[in-house]
1. Residue 251: under 18 Å from residue 113 (Cβ atoms) and surrounded by fewer than 24 Cβ atoms within 10 Å (Cβ to Cβ), yes or no?
2. Among the listed residues 316, 323, 290, 296, identify the single one that is outside any loop (DSSP other than H, G, I, E, B), assigned by TED's automatic domain parsing to the domain that holds residue 247 and out of contact with any strand residue (DSSP E or B) (no Cβ under 6 Å at 6 or more places or on another chain).
3. Is it the case that some residue within the range 41-60 is touching a helix residue (DSSP H, G or I) at 6+ places or on another chain (Cβ under 6 Å) and either farther than 23 Å from residue 121 by Cα or modelled with pLDDT of 70 or more (or both)?
4. Condition first: under 20 Å from residue 150 (Cβ atoms) and at pLDDT below 95. Can you find one or more residues in the range 74-92 that meet it?
5. Which members of the range 225-270 meet the condition of being at pLDDT 95 or above, at negative phi and out of contact with any strand residue (DSSP E or B) (no Cβ under 8 Å at 6 or more places or on another chain)?
6. Quickly run through the range 222-257 and pick out the residues that are more than 15 Å from residue 332 (Cβ to Cβ) and outside any helix (DSSP H, G or I).
7. Among the residues of the range 157-176, which ones are within 20 Å of residue 270 (Cβ to Cβ) and in a loop (DSSP other than H, G, I, E, B)?
8. Do the conditions hold for residue 198, that is, is it surrounded by fewer than 17 Cβ atoms within 10 Å (Cβ to Cβ), modelled with pLDDT under 95, out of contact with any helix residue (DSSP H, G or I) (no Cβ under 8 Å at 6 or more places or on another chain) and assigned to a strand (DSSP E or B)?
């Protein structure tokens, strides 16, 4: 069954989500201030079992839960008929077999970049997406330390707001705007973004080994690694898949390749990237990278390859250039095993 909402309803949802992301980010910053207050000797204690002060990890965990509870409450009160999936509430369940349906659904990561947040490295964010008929149609990513919001409403483009959104609004892509052409010999000359992931098993042929081999293939000199060398300009790992996608949409990264992400990690970013003019498909290289079709990725597949917005050149359109870079990336990366448990 297909669901539809009016343009006015979608505009209302977008405005609500934009404000909600900023308010949720304030809770994250409250947690930062509590921790830095403890570090500086101020009396910022919180009682646990009457007397025991929470340590840094406790505060991070509680803040994560607090943000999701706040977002869920706000959404439920405003849109009681909509479904909700959040990282914390979903992770506490007994199954990971969930697949987003066609129903109007909010998909939320209250804190993406938890390790960064724990170490007070500023690459963490709140991610809020609204999904209709299985497609993210509203995406909000708020990075509170930098007070920066990335957002999109389907059909209306993608934006970066520095400070309150009424004060500063810039269309995405930001860095390569107007859209610049992708390098003719890409991935050479590109910034390649990827994450180490949580699967750190030191098993030959396992995901970590395959990722490392892929990273080296992309970075090695042209002709190296048995012809797989891509000589990318640089390899970046932000520690947040959500922000990786935002930076691709902004044009700061050219390529993002990742496996193991859940819906809440990517839903908002996919909406923003598509509205900015980027392409996203599967990270899984097909049997024939040169000729197999490049299909839009299905939300929930856990394997993603994103290419930044690209302009037309004298010899190819921006989309043709994006597809070329997809195929060149497929030739250099290895297959990852991130199937959905129970699927």
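The values are calculated or read from the model by the stated rules, or taken from the named source; none is laboratory data. Since the model is a prediction, treat every value here as computed from it, not as a measurement. FYI the Cβ positions are ideal-geometry reconstructions off the backbone, even for glycines, and counts take in every protein chain you see.
1. no
2. 323
3. For the range 41-60, residues touching a helix residue (DSSP H, G or I) at 6+ places or on another chain (Cβ under 6 Å) and either farther than 23 Å from residue 121 by Cα or modelled with pLDDT of 70 or more (or both): present.
4. yes
5. 228, 229
6. 234, 236, 237, 238, 239, 240, 251, 252, 253
7. Hits for the range 157-176 are 157, 172, 173, 174, 175, 176.
8. Taking the combined requirement at face value, the residue does not satisfy it.
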